[in-house]
Amino acid sequence: MASISSEVGLQLASKGTLIPPKPISLASLPIPQTPLTEKATAHAKSWLDSSVFLHDLGLTSVAMQQTPLSFEFHGGVLAREFLLREGAPARLSDNVAEAVFRHRDNICETFGHSPESALLIFGTHLDVYGAFNPLIHADTVEEVVNWFRRNNFGNEFADLLIQEVRVKRFCTAAGRVQDSGFLSKIRNNAVFAKYDHQSM
């Protein structure tokens, strides 16, 4: 079977020429019970929990006022400091910080991502503006949204990006905020449109 590059795969997916993914429940994936898989699962869970909940820390209104650093960089520093203060290993803290620094990268154009960074980038782009939509089954989206409600996320996030650009004119978000099409993608994310106005 011939393999295709991720960029070609994403182009085919966006044109609807790939076979749609089969629904799969994340909770139903069988994981063998061995000491090695238990350690790997614990590491992945600690990394994923840390990255997921800390990756936009620099975009809070308080953090925005603390430094001229763009939110990704300030957020990475804050996440690393928090994790170290809470006793996380330095390597985990550094991996989370690196993933946070790079979570806006275009995964098809930049290389050298750890699997964790690539996962965060993939999830962030899907969550924010609906990228990779054909690769994610609707049942998987619904399962995630049931765990983590969106609470008008699209509009709130777009407003925070606009606020960051007002406070920090030269931040990395400036180019994207000036592109009204990008803000529209965030506010009208087709993947999550039916969930964006649900509350907890």
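Just a few scattered comments:
- Residue list for region 168-187, filter: more than 17 Å from the chain's Cα centre (by Cα) and either open to solvent by 80 Å² or more (accessible area, probe 1.4 Å) or among the acidic types (Asp, Glu) (or both): ARG169, PHE170, GLN178, ASP179, SER180
- Any hit, region 158-167, residues being open to solvent by less than 30 Å² (accessible area, probe 1.4 Å), more than 22 Å from PHE71 (Cα to Cα) and at pLDDT 85 or above: no
- Residue, most open to solvent (accessible area, probe 1.4 Å), within region 48-68, restricted to residues that are modelled with pLDDT of 85 or more and assigned to a loop (DSSP other than H, G, I, E, B): PRO68
- Restricting the first member to region 181-197 and to residues that are touching a residue at least 40 places away in the same chain (Cβ under 8 Å), and the second to residues that are hydroxyl-bearing (Ser, Thr, Tyr), the beta-carbon pairs closer than 9 Å and six or more apart or on different chains are PHE182/TYR129; LYS185/TYR129; ILE186/TYR129; ASN189/TYR129; VAL191/TYR129.
- Residue in region 113-130 that is acidic (Asp, Glu), open to solvent by 20 Å² or more (accessible area, probe 1.4 Å), under 15 Å from the mean Cα position of the chain (by Cα) and over 22 Å from SER61 (Cα atoms) present: yes
- Test: PHE71 is open to solvent by less than 60 Å² (accessible area, probe 1.4 Å) and among the aromatic types (Phe, Trp, Tyr): yes
- Residue that is nearest to GLN178 (Cα to Cα) [pool: residues in region 117-164 that are in contact with a Pro (Cβ under 8 Å, 6 or more places away or on another chain) and not in a helix (DSSP H, G or I)]: ILE136
- Within region 180-200, being more than 14 Å from VAL141 (Cα to Cα), at pLDDT 80 or above and part of a loop (DSSP other than H, G, I, E, B) holds for one residue alone: ASN188.
- Number of residues in region 95-108 that are at pLDDT below 75 and either out of contact with any helix residue (DSSP H, G or I) (no Cβ under 8 Å at 6 or more places or on another chain) or in a helix (DSSP H, G or I) (or both): the value is 1.
The values are calculated or read from the model by the stated rules, or taken from the named source; none is laboratory data. Model, not experiment: these values are computed from the prediction. All Cβ positions, glycine included, derive from the backbone under ideal geometry; neighbour counts span all protein chains shown. Only protein heavy atoms, including side chains, enter the accessible area calculation; ligands, DNA and RNA are left aside. Shrake-Rupley method; radii C 1.70, N 1.55, O 1.52, S 1.80 Å.
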